[in-house]
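Novice: Take a look at the following structure, please.
The values are calculated or read from the model by the stated rules, or taken from the named source; none is laboratory data. Here the structure is a predicted model, which means the values were calculated and not measured. Every residue, glycine as well, gets a Cβ built from its backbone with ideal geometry; the counts of neighbours run over all protein chains shown.
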2 protein chains.
Amino acid sequence: MNWAIIMAGGSGTRFWPESRKSRPKQFLSLFGRQTLLEQTFYRLRRFIPRDRILVFVSESKVALTRQLLKIPAGQVIGEPVGRNTAPCALWAASYVMRKDPSAVLGIFPADHYIRDEKAFTKTMRLSYGIAGQKGMPVTLGICPDFPHTGYGYLEMGRRLAPGVFYLKQFREKPDLPSAKKYLKSKRFLWNAGIFIWRADCLLEAGRQYLPDVFKITTAIAGEGCSRTSVKKLFSKCPAISIDYGLMEKMTGQILTVPVSMGWNDVGGWASLKKLLARRSDDNVSQGKTLLVESSGNFVRSQTKLIATVGLQDHVVIETSDAILVCPTKKTEEIRKIVSALETAGMGQFL
Amino acid sequence: MNWAIIMAGGSGTRFWPESRKSRPKQFLSLFGRQTLLEQTFYRLRRFIPRDRILVFVSESKVALTRQLLKIPAGQVIGEPVGRNTAPCALWAASYVMRKDPSAVLGIFPADHYIRDEKAFTKTMRLSYGIAGQKGMPVTLGICPDFPHTGYGYLEMGRRLAPGVFYLKQFREKPDLPSAKKYLKSKRFLWNAGIFIWRADCLLEAGRQYLPDVFKITTAIAGEGCSRTSVKKLFSKCPAISIDYGLMEKMTGQILTVPVSMGWNDVGGWASLKKLLARRSDDNVSQGKTLLVESSGNFVRSQTKLIATVGLQDHVVIETSDAILVCPTKKTEEIRKIVSALETAGMGQFL
């Protein structure tokens, strides 16, 4: 049967001051009223029954997650520490295998944006089908629409079936000339970090390429493993991603399914602004704002009136206790504010 | 005897969102804890006894003014409407004349900054003395230290006594080349809007040059003029300044006393920032702020943390209900925000 694993354990600082330790990105409502996690969950509900969706979150977020998604305790799994995606995927695979030995798992980040949910659903049906049939991992590949230098790329190889290709190789984030060449060639896709994989094959890959992780996650997922043991064992896991830990060792045995579905990883305020603006010089404003002779700004008010005059290409974000002001081009540097807050002992803002 | 008249009736939008209809600039604490009005009052207290300082404010601010300055009702005079400085000066002169026919009046704006209070006091003693002796109005002239194009200038004529000159003529706000010439010549001074004038001579000038205003203000200052009559009469006064209504008609009969005392009219956020910064690219911050890789900004927080990264030359002001963000160069345009608030019916922010 088809299962979905939502990986919602991430922390991150790129949406400070909205994102905090207690409320990382996937718990923010950036588009509309639902959090990104809820949007991910309901997007999967279009083709996976709710009792076959598991959510991995950091332990402190289990209660919040259950409250948001209204799902039973058994479907929300608390990670005692963050260990990147490979340990989480193997844990999930062991856990699901006990209930359903023929399970096909889709592994999904909790905090992405997908505009065209119909295209997503269609591609998922194809991917689950081919992954179940062939026993090979399927990575979702996003057809690029501009030469992005911030994503990893997938190079397509020969065609296996309509809409399904072998993956020739993974490519690191390219420089701009390479990204332009990639775009032109039409043989390169963005790596969205979405994988479909039969649980038995995923476990076999784990046993072979990450034996230490495999041993630990098998033990953790076994019946009767106490919370204390889980914590002790999982802490010993190396932190490693599915891409580096498993996929890159399997070149030639991986499939990719290209799709155009208005995907975006929503990497920070600047990309959120781009997603929401009709034109790049449009202002995007949320809440009580007054923008006079201003353009290209992203202004988000929670309580107070934010008024600007002559302001160009800035991000202004107000939350209940903090205000961020920075040029749109500098939103990558927000982590420096977070570091400075740590250094200054201003932990209440983290 | 020497008297001081503080003209505190102004409104104004240049310090929005701090300045509101209910709290114009002179009631703001821009330097330290005291309001500009209090600072003006205590600066005058260095050489004028407190019972000879009168404050003219708009009627709605009488209670607030008495509370701030802790002076008797008789010394705080409420103007039913704003009519610029000449009607106010003539009203004050009539009022004081009844108590002290030999009075010399100093007329002071309530909202300026003076760094060197000793130089101010010394110049005032000289000015009151010469005004009392000669019966001619004395205007204070600030020795310019850069070619400012935003002030009116006083051109000095021949010397009357040490530190005292005839005023040759008033000059409108100059363009930059003229301002540079003025600075170089050392014969031009900034008009600070501070006048010292014997009450009897001021009234005589009023009778001659502004007979309508003179009639009204004499009636208003007369004993037994009811609040209702004051309101009715004063509303009929034309709005006209001391400079245009009286001084410019008296060329050749005016004196000026030059002084360097770190004077500034604090025209808006940008000039306040300049006053507070050691270097032009310094940040100036007040309240809870965190400025990372940012320079030349003026950031003022009242309740929330304001954090910036990569921000250059902007003004960020937070008050209890509003936040202003604009480039320092655009602070002159803040009135456009105020107009837009009016148009949008957002009166609670005015």
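Novice: Tally the residues that are farther than 19 Å from B:M247 by Cα and outside any loop (DSSP other than H, G, I, E, B), restricting the search to region B:126-148. It would help to see each step written out before you state the result.
Specialist: First, the residues of region B:126-148 that are farther than 19 Å from B:M247 by Cα: B:126, B:129, B:143-148.
Applying the additional criterion that residues be outside any loop (DSSP other than H, G, I, E, B) yields B:126, B:129.
Within region B:126-148, residues that are farther than 19 Å from B:M247 by Cα and outside any loop (DSSP other than H, G, I, E, B) number 2.
Novice: Shifting gears a bit: Among the residues of region B:272-288, are any of a type in the set (S, T, Y) and outside the structural domain of B:R187 (by TED's automatic domain parsing)?
Specialist: Filtering region B:272-288 down to residues of a type in the set (S, T, Y) leaves B:280, B:285.
From what's left, outside the structural domain of B:R187 (by TED's automatic domain parsing): B:280, B:285.
Checking region B:272-288: at least one residue is of a type in the set (S, T, Y) and outside the structural domain of B:R187 (by TED's automatic domain parsing).
Let's see how each residue does on (1) basic (K, R); (2) in contact (Cβ under 8 Å) with a residue 60 or more places away in the chain:
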site	(1), (2)
B:L183	no, no
B:W190	no, yes
B:A199	no, yes
B:G206	no, yes
B:T217	no, yes
B:G224	no, no
B:K232	yes, no
B:S235	no, yes
B:S241	no, yes
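Novice: Which residues, taken from region B:100-117, are touching a Lys or Arg at 6+ places or on another chain (Cβ under 9 Å), surrounded by fewer than 18 Cβ atoms within 10 Å (Cβ to Cβ) and not acidic (D, E)? Reasoning before the result, please.
Specialist: Restricting attention to region B:100-117, the residues satisfying the condition of being touching a Lys or Arg at 6+ places or on another chain (Cβ under 9 Å) are B:100, B:102-105, B:108, B:110-111, B:114, B:117.
Narrowing the set further to residues that are surrounded by fewer than 18 Cβ atoms within 10 Å (Cβ to Cβ) leaves B:100, B:102, B:117.
Passing the criteria: only B:S102.
Novice: So B:V81 passes all but one of these: (1) modelled with pLDDT of 95 or more; (2) within 18 Å of the chain's Cα centre (by Cα); (3) not small (G, A, S). Which condition number does it fail?
Specialist: Looking at each condition in turn, B:V81 falls short on (1).
Novice: A further question follows. Tell me which residues, restricted to region B:35-82, are in contact with an Asp or Glu (Cβ under 7 Å, 6 or more places away or on another chain), farther than 20 Å from B:L233 by Cβ and buried (at least 17 other Cβ atoms within 10 Å of the Cβ).
Specialist: Result: B:L36, B:R43, B:L68, B:L69.
Novice: If the requirement is being surrounded by fewer than 24 Cβ atoms within 10 Å (Cβ to Cβ), more than 7 Å from chain B (Cβ to nearest Cβ), farther than 20 Å from B:L291 by Cβ and within 28 Å of the chain's Cα centre (by Cα), which of these qualifies: A:S295, A:S280? I'd like the intermediate steps shown before the answer.
Specialist: Details: A:S295 fails: within 28 Å of the chain's Cα centre (by Cα).
The unique qualifying residue is A:S280.
Novice: Within region A:298-350, can you find the residues that are surrounded by 22 or more Cβ atoms within 10 Å (Cβ to Cβ), in contact with a Cys (Cβ under 8 Å, 6 or more places away or on another chain) and within 16 Å of A:G12 (Cα to Cα)?
Specialist: A:I334
Novice: List every residue pair whose Cβ atoms sit under 6 Å apart, with the two residues 6 or more apart in sequence or on different chains, where the first one lies in region B:135-157 and is within 25 Å of B:M1 (Cα to Cα) and the second, anywhere, is among the basic types (K, R) and not in a loop (DSSP other than H, G, I, E, B).
Specialist: B:G135/B:R198
Novice: While we're on this one: Which one is surrounded by the most Cβ atoms within 10 Å (Cβ to Cβ) among residues in region B:149-184 that are in a helix (DSSP H, G or I) and in contact with a Ser or Thr (Cβ under 6 Å, 6 or more places away or on another chain)? Break it down stepwise before answering.
Specialist: Going through region B:149-184, the residues in a helix (DSSP H, G or I) turn out to be B:176-184.
Checking the rest, the ones that are also in contact with a Ser or Thr (Cβ under 6 Å, 6 or more places away or on another chain) come to B:176, B:179.
Numbers: B:L176: 10, B:A179: 21.
Taking the candidates together, the pick is B:A179.
Novice: Only one of these conditions is not met by B:L324: (1) within 25 Å of the chain's Cα centre (by Cα); (2) at the interface with chain A (Cβ under 7 Å from one of its Cβ atoms); (3) part of a helix (DSSP H, G or I). Which number is it?
Specialist: (3)
Novice: Within the group A:A86, A:A93, which residue is more than 29 Å from A:L276 (Cα to Cα), within 15 Å of the chain's Cα centre (by Cα) and either modelled with pLDDT of 95 or more or assigned to a strand (DSSP E or B) (or both)? Talk me through it step by step, then tell me what you get.
Specialist: Values: A:A93 fails: within 15 Å of the chain's Cα centre (by Cα).
Just one listed residue meets the conditions, A:A86.
Novice: Now for a separate question. Name the one entry in A:K329, A:K304, A:K336 that is out of contact with any helix residue (DSSP H, G or I) (no Cβ under 7 Å at 6 or more places or on another chain), under 17 Å from B:V316 (Cα atoms) and basic (K, R).
Specialist: Working: A:K329 fails: under 17 Å from B:V316 (Cα atoms); A:K336 fails: under 17 Å from B:V316 (Cα atoms).
Being out of contact with any helix residue (DSSP H, G or I) (no Cβ under 7 Å at 6 or more places or on another chain), under 17 Å from B:V316 (Cα atoms) and basic (K, R) holds for just one of A:K329, A:K304, A:K336, which is A:K304.
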